[in-house]
Amino acid sequence: MPHAWEGDLARDVNWLERPKIVEILEAYGFACYDRESTDELRDALRENILDGTIPRSVID
């Protein structure tokens, strides 16, 4: 069952611009490539926040 804040997480991640998404992912050791769409990077960020690799607080 999804957590109540997952809807807020999706909304918050969707508002982030690509440079901010890349900044966050790279700060946690992920490589980001120009060939990856912004939606792919958003999905990666969202999944890593949900699994605890990246703390939710990075986008608060």
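The values are calculated or read from the model by the stated rules, or taken from the named source; none is laboratory data. Since the model is a prediction, treat every value here as computed from it, not as a measurement. Here Cβ is always computed from backbone atoms with ideal geometry, including for glycine, and neighbour counts include all displayed protein chains. Heavy atoms of the whole protein, side chains included, go into the accessibility calculation; ligands, DNA and RNA do not. Shrake-Rupley method; radii C 1.70, N 1.55, O 1.52, S 1.80 Å.
Checking each residue in the range 24-38 for being open to solvent by 80 Å² or more (accessible area, probe 1.4 Å) and over 19 Å from residue 51 (Cα atoms) picks out 33, 34, 35. For residue 43, the stated conditions hold: it is open to solvent by 40 Å² or more (accessible area, probe 1.4 Å), assigned to a helix (DSSP H, G or I) and out of contact with any Leu (no Cβ under 8 Å at 6 or more places or on another chain). Residues in the range 46-60 that are surrounded by 10 or more Cβ atoms within 10 Å (Cβ to Cβ) and over 16 Å from residue 17 (Cα atoms): 8 in all.
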